[in-house]
Every structure is written in structure tokens, then in C-alpha cells.
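The values are calculated or read from the model by the stated rules, or taken from the named source; none is laboratory data. It should be emphasised that the depicted structure is a prediction, and the values quoted were computed from it without experimental measurement. Neighbour counts run over all protein chains shown; Cβ positions are idealised from the backbone, glycine included.
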Amino acid sequence: MSVKQIAVERFSVTSSKPFDEIVKALEATIGRSDLNAFGSRLKSAKSFQDVETIVNEAVGPSGFMEFSRFDLGAILRKERGSDQPRILRLVVGNPLIMKKMVERVVDAGSYAPVTILVDERADGVHLSYDRMASFLGSYQNEEALKVARELDAKVEGLLNAAAQ
């Protein structure tokens, strides 16, 4: 048995834009495919080139696709009987980026796809993301860290654009 301690860096940007507008901006850039059909297509792919084509067709302009979403605020709203707070967790990624990290550090599979958290607070709507490079830093693999840093920059750019 082993335990590894990992320090995580959280990137967060706060916006004065309405929650729904931010979510709409994110949805406009993140691909939203039928995941069952996507999985079937991947399973029947004959080559890695086919896999690349299938993934590239599924991702949006951001280079990411949505794998799932969780309306975390729904349970709180049930208790409080209001429309506040709104909290949305989006699980997004790109299997081709994940592959580049996992082939170097298998544990990267625990962190990809990534989570984007969008939540309303008194000071605005927060868009948060835990940096992949911080998850992978302790593994000391420069090639995986390079991919992780590029991923972080893409996600942070996406969040900054949605917040503006």
C-alpha cells in the first residue's frame, strides 16, 4: 500500500456576467456528442488515425468535448426552495490530450477528463479549474508536464473567454 500527497493548484476567475450567459458561452465552444454513439465509433475504429478523426469530429472549437455534467446546486435548491445557488460541474476533455499524458504517467488517467466548476456567489460567478500540471508535478515526467501545462493554458483560456 502507498499514499502519495499531491498539492493542487486551483485556477479561478470571477465574472460579473450572469450564470446562464457563462454556461451558454462554454457550451458554444465545448463539443456535446452522444457519448454512446461516440463510444461505439471509437470501439469500431480500425486505426489510431480513425480514432483521431472520431475525436476531432466530437470536440468543439475549444478542442474539448463534454463527458458529463452535474447540477450540484439542484439539491441545495430543493432544500431552500429557490433558484440559488447555481452550481454546475462540467467534466470535459479531449481523449487525444489524455492519451499523451497517460502514456507517460498512467496516474494522469485519474485526473482526465477535467472538471470545470461554475458557481454563483455574492461577488459574481466563479469559474474554477484544478490545474493538471499540479496533479502531475510530483511524478517528475517533463513530457507529461509539458502536455499538462498546454492543457491548463487551453482550459484557462476557455474560462477567461467565457468570463469576459
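For Ser16, the criteria (1) more than 20 Å from Ala161 (Cα to Cα); (2) surrounded by fewer than 18 Cβ atoms within 10 Å (Cβ to Cβ); (3) polar (S, T, N, Q) hold in every case but one, which is (1).
Beta carbons closer than 6 Å, at least 6 apart along the sequence or on distinct chains, pair a first residue in the stretch 141-160 that is farther than 15 Å from Phe64 by Cα with a second that is assigned to a helix (DSSP H, G or I) for Ala144/Met101; Ala144/Leu136; Leu145/Ala133; Leu145/Leu136; Arg149/Ala133. From the list Leu159, Leu145, Leu96, which residue is under 13 Å from the mean Cα position of the chain (by Cα) and either outside any helix (DSSP H, G or I) or at pLDDT 95 or above (or both)? That would be Leu159, the only listed residue that is under 13 Å from the mean Cα position of the chain (by Cα) and either outside any helix (DSSP H, G or I) or at pLDDT 95 or above (or both).
Table: residues versus (1) in contact (Cβ under 8 Å) with a residue 40 or more places away in the chain; (2) in a loop (DSSP other than H, G, I, E, B).
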{"site": "Met1", "(1), (2)": "no, yes"}
{"site": "Ile22", "(1), (2)": "yes, no"}
{"site": "Leu26", "(1), (2)": "yes, no"}
{"site": "Thr53", "(1), (2)": "no, no"}
{"site": "Pro61", "(1), (2)": "no, yes"}
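Condition first: touching an Asp or Glu at 6+ places or on another chain (Cβ under 7 Å), touching a residue at least 40 places away in the same chain (Cβ under 8 Å) and not aromatic (Phe, Trp, Tyr). Can you find one or more residues in the stretch 113-123 that meet it? No, there is no match, as no residue in the stretch 113-123 is touching an Asp or Glu at 6+ places or on another chain (Cβ under 7 Å), touching a residue at least 40 places away in the same chain (Cβ under 8 Å) and not aromatic (Phe, Trp, Tyr). Here the condition is being over 30 Å from Gln140 (Cβ atoms), surrounded by 15 or more Cβ atoms within 10 Å (Cβ to Cβ) and without any contact (Cβ under 8 Å) to a residue 40 or more places away in the chain; of Arg86, Arg41, it holds for Arg41 alone.
Each row is one residue, and each column tells you yes or no for (1) closer than 20 Å to Asp152 by Cα; (2) touching a Ser or Thr at 6+ places or on another chain (Cβ under 6 Å); (3) among the aromatic types (Phe, Trp, Tyr); (4) surrounded by fewer than 19 Cβ atoms within 10 Å (Cβ to Cβ).
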| position | (1), (2), (3), (4) |
| --- | --- |
| Asp71 | no, no, no, yes |
| Gly81 | no, no, no, yes |
| Ile97 | yes, no, no, no |
| Val102 | yes, no, no, yes |
| Val106 | yes, no, no, yes |
| Ser110 | yes, no, no, yes |
| Glu120 | no, no, no, yes |
| Leu127 | yes, no, no, no |
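Is it fair to say Asp119 is among the acidic types (Asp, Glu) and either at pLDDT below 95 or not in a helix (DSSP H, G or I) (or both)? It is true that Asp119 is among the acidic types (Asp, Glu) and either at pLDDT below 95 or not in a helix (DSSP H, G or I) (or both). Only one of the listed residues (Phe67, Phe38) is within 13 Å of the chain's Cα centre (by Cα) and either in a helix (DSSP H, G or I) or at pLDDT 95 or above (or both). That residue is Phe67.
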